[in-house]
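For reference, the structure is listed below as C-alpha cells.
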Amino acid sequence: MVDGLLDRLGVPASAYTKGNHPVHTPIDGSLIASVHLEPAASVGAKIAQAQQAFEAWRNVPAPRRGELVRLFGEVLREHKAELGELVSVEAGKITQEGLGEVQEMIDICDFAVGLSRQLYGLTIASERPGHHMRESWHPLGVVGVISAFNFPVAVWAWNTTLALVCGNAVVWKPSEKTPLTALACQALFEKALGRFGDAPAGLSQVIIGDRDAGQALVDDPRVPLVSATGSTRMGREVGPRVAARFGRSILELGGNNAMILAPSADLDLAVRAVLFSAVGTAGQRCTTLRRVIVHRSVKDEVVARVKSAYAKVRIGDPREGNLVGPLIDKASFLSMQDALARARDEGGQVFGGERQLADQYPNAYYVAPAIVEMPGQTEVVRHETFAPILYVMAYDDFDEALRLNNEVPQGLSSCIFTTDLREAERFQSAAGSDCGIANVNIGTSGAEIGGAFGGEKETGGGRESGSDSWKAYMRRQTNTVNYSRELPLAQGIVFD
C-alpha cells in the first residue's frame, strides 16, 4: 500500500521494513510497514550532532537560512500529491485534508521565507547622554519537536521552518502511530538540503522512538526549547520536566471548543460550519467543535438541521471521496463509546455514534458522528474526547452562554454565530471568550498560518505558526552602547 509512495518520496526500504515496530493503517487495520525504533540511548548522539550543526548554522545570515526553507517549499510542491496520500494512508485523513495538510506546510514555508528578512529588534531611548540602547534577537539552540498523529506533518513544519530561519537546529520525535510520514518529511528535507548545498550535517533529524526516546529528548539540557503537541496528560508530564531544568516549552494540548449560536445567527451558515468543524478528521482535531451552546428559541431547529446534515455524511475509505474516514485505532473507538455511555448516564440523548463498516473492515474503526443533547454542561462535556461527539446545550441569556463557553478546563478555540454587533464584539473582548482563538461567523477549526496558533488554560499557553510566534525560537538580548567619554549611571546614581 505504501512501498511505491515511500519510494517516490525518497525513503529507503531499509527504513520501513524488517523493523521492530509495526505500522498499521487505520483505513483497514492492515500492516503497512515495520520501522526500527531507536533506543533512548541514541537520542543523545543525535542531539550532539544537532548542537554542532546549530553552532555553524547560527552564523549563516538569516536571509540565506530562508533560502533553504524556500527550497524545501519547492520540494513540497513537487511532492504534494504523494505526501498528501501518505498522510491519508497513515493517519486516515480524507484526501482533501491530507492535501490540505501538505499545503499548510507549503504556506508556512512561504511565511518563514519572508520572516527571514524581518527578525526585527528595537531601538530604545536611553536616559543617559551619549548612550544607545537596542534589543536584539539571537538563535536559541537545538529545538525539540514532539508531534501527534492527527497532524503528522504540518505541526512539525510550523516549528521547523521558523526554527531554521531563526538559526536553530531541530530534532523531531513524531508519534509512534505515524512514523512513515516523518521519514518522508525528512527525506524531502534532505532533498532540499542537496539543492541548498552548504548546510551543516544534522540540521534536522528524526527520532523514530517510543516514550523513553521522547523523555530523553525532553530531559536533555542541550535542548533549550521543546515544542510538544498532544494530550493534556502528556503536557502535564512534559512541561514540568522541561521547567525543572529551566528549559522553555511550547505546549499545544487539549481543546474542548464551543460555538455560541445566537438567535440572530444565519442558520444556513452555522449548520455548514458545525458540520466541517465537528466531523472533519473524524473529530480528531485539537480544534474540533465539541460543544454547541445554542439559544433555546432556535435549539430544536438547529438540532434537526444538524441531524439531517449528519445523516447525509459519507463514511468510509478516506481516499474514495468520503467525508469521514476512520478513527486512528481501537483505543479511540472505545474511548468514544465510553464517553457516550457516560453522557447517557448524565442525562444526555444520543443520536449516532455507532460503529460503521465493521463487516467490511473488521480491524478498522469507522463511526457515525454523534450528536448528544445534554441537560447542562456535565462532567463528560467538560472532558475532551478525541472523537466526533458534539454536545448540544441550550442557553437563555448571553451571560450564560459566555459562562458555558469558558467554564471548561481547556481554552483553545471558540466561535460565535450572530449578526448582533454587540454580541460579536463582547465575545472577542477581555470579558468574552477566554480561548486563544475566538472567531465570529466561522467555525472553530481551519486556522490559517498567518495567525499565532494556541490556547490558554489546559491547552498549555503555547503559540506556534504565524504572527510573532518566531520569538519563542530565539533568545532576547538587551544591548547598551556608551559612545561618550563619560560614564553616567542610570537613575541618576552618583558613585564617586
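Checked against (1) surrounded by fewer than 23 Cβ atoms within 10 Å (Cβ to Cβ); (2) part of a loop (DSSP other than H, G, I, E, B), Ser433 passes all but condition (1).
Here is a yes/no grid of residues against (1) of a type in the set (A, V, I, L, M, F, W, C); (2) touching a residue at least 12 places away in the same chain (Cβ under 8 Å); (3) on the phi > 0 side of the Ramachandran plot:
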| residue | (1), (2), (3) |
| --- | --- |
| Asp396 | no, yes, no |
| Asp399 | no, no, no |
| Asp420 | no, yes, no |
| Ala438 | yes, yes, no |
| Gly450 | no, yes, no |
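Condition (residue is among the acidic types (Asp, Glu), outside any strand (DSSP E or B) and in the same structural domain as Asp198 (by TED's automatic domain parsing)) applied to the range 64-77: is it met by at least one residue? Yes, the range 64-77 contains at least one residue that is among the acidic types (Asp, Glu), outside any strand (DSSP E or B) and in the same structural domain as Asp198 (by TED's automatic domain parsing).
Considering each residue of the range 139-159 in turn, none proves to be crowded, with 21+ Cβ neighbours inside 10 Å, part of a helix (DSSP H, G or I) and among the hydroxyl-bearing types (Ser, Thr, Tyr). Those helices (runs of 4 or more DSSP H) of the range 200-291 in which 1 or more residues are outside the structural domain of Gly376 (by TED's automatic domain parsing), modelled with pLDDT of 95 or more and crowded, with 20+ Cβ neighbours inside 10 Å occupy 211-219, 232-244. Residues in the range 337-361 that are touching a residue at least 24 places away in the same chain (Cβ under 8 Å) and within 27 Å of Val2 (Cβ to Cβ): Gln356, Leu357, Tyr361. Within the range 292-344, being hydroxyl-bearing (Ser, Thr, Tyr) and either in a helix (DSSP H, G or I) or at pLDDT below 95 (or both) holds for Ser308, Tyr310, Ser332, Ser335.
When Val43 is tested against (1) in contact (Cβ under 8 Å) with a residue 24 or more places away in the chain; (2) surrounded by fewer than 16 Cβ atoms within 10 Å (Cβ to Cβ); (3) under 30 Å from Asp198 (Cα atoms), exactly one condition is not met: (2).
Residue by residue, here is whether (1) over 13 Å from the mean Cα position of the chain (by Cα); (2) modelled with pLDDT under 95; (3) farther than 30 Å from Ala157 by Cβ; (4) of a type in the set (Gly, Ala, Ser) holds:
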{"site": "Glu448", "(1), (2), (3), (4)": "no, yes, no, no"}
{"site": "Gly466", "(1), (2), (3), (4)": "no, no, no, yes"}
{"site": "Lys471", "(1), (2), (3), (4)": "yes, no, no, no"}
{"site": "Arg476", "(1), (2), (3), (4)": "yes, no, no, no"}
{"site": "Asn479", "(1), (2), (3), (4)": "yes, no, yes, no"}
{"site": "Pro488", "(1), (2), (3), (4)": "yes, yes, yes, no"}
{"site": "Gly492", "(1), (2), (3), (4)": "yes, yes, yes, yes"}
{"site": "Phe495", "(1), (2), (3), (4)": "yes, yes, yes, no"}
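Within the range 362-376, identify whether any single residue is over 18 Å from Lys299 (Cα atoms) and over 29 Å from the mean Cα position of the chain (by Cα), and answer yes or no.
Initially, the range 362-376 is screened for residues over 18 Å from Lys299 (Cα atoms), giving 362-369.
Then drop every residue that is not over 29 Å from the mean Cα position of the chain (by Cα), which leaves 362.
Yes, because at least one residue in the range 362-376 is over 18 Å from Lys299 (Cα atoms) and over 29 Å from the mean Cα position of the chain (by Cα).
Picking from residues in the range 467-488 that are part of a loop (DSSP other than H, G, I, E, B) and touching a residue at least 60 places away in the same chain (Cβ under 8 Å), the one that is surrounded by the most Cβ atoms within 10 Å (Cβ to Cβ) is Pro488. Here is the figure for the range 356-409: residues that are within 16 Å of Gln284 (Cβ to Cβ) and assigned to a strand (DSSP E or B) total 6.
Yes or no, residue by residue, for (1) assigned to a helix (DSSP H, G or I); (2) surrounded by 14 or more Cβ atoms within 10 Å (Cβ to Cβ); (3) within 17 Å of the chain's Cα centre (by Cα); (4) among the hydroxyl-bearing types (Ser, Thr, Tyr):
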site: Glu82; (1), (2), (3), (4): yes, yes, no, no
site: Leu86; (1), (2), (3), (4): yes, yes, no, no
site: Lys93; (1), (2), (3), (4): no, yes, yes, no
site: Leu99; (1), (2), (3), (4): yes, yes, yes, no
site: Glu104; (1), (2), (3), (4): yes, yes, yes, no
site: Phe111; (1), (2), (3), (4): yes, yes, yes, no
site: Gly114; (1), (2), (3), (4): yes, no, no, no
site: Arg128; (1), (2), (3), (4): no, yes, no, no
site: Trp137; (1), (2), (3), (4): no, yes, no, no
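Mind checking which residues of the range 205-250 are out of contact with any helix residue (DSSP H, G or I) (no Cβ under 9 Å at 6 or more places or on another chain) and within 14 Å of Val170 (Cβ to Cβ)? The one that is out of contact with any helix residue (DSSP H, G or I) (no Cβ under 9 Å at 6 or more places or on another chain) and within 14 Å of Val170 (Cβ to Cβ): Pro224.
Looking across the range 452-466, the residues that are touching a residue at least 24 places away in the same chain (Cβ under 8 Å) and not in a loop (DSSP other than H, G, I, E, B) come down to Phe453, Glu456, Lys457, Glu464, Ser465.
The values are calculated or read from the model by the stated rules, or taken from the named source; none is laboratory data. Here the structure is a predicted model, which is why all the values come from computation and not from measurement. With ideal geometry, Cβ positions are generated from the backbone for all residues, glycine too; neighbour counts draw on all protein chains shown.
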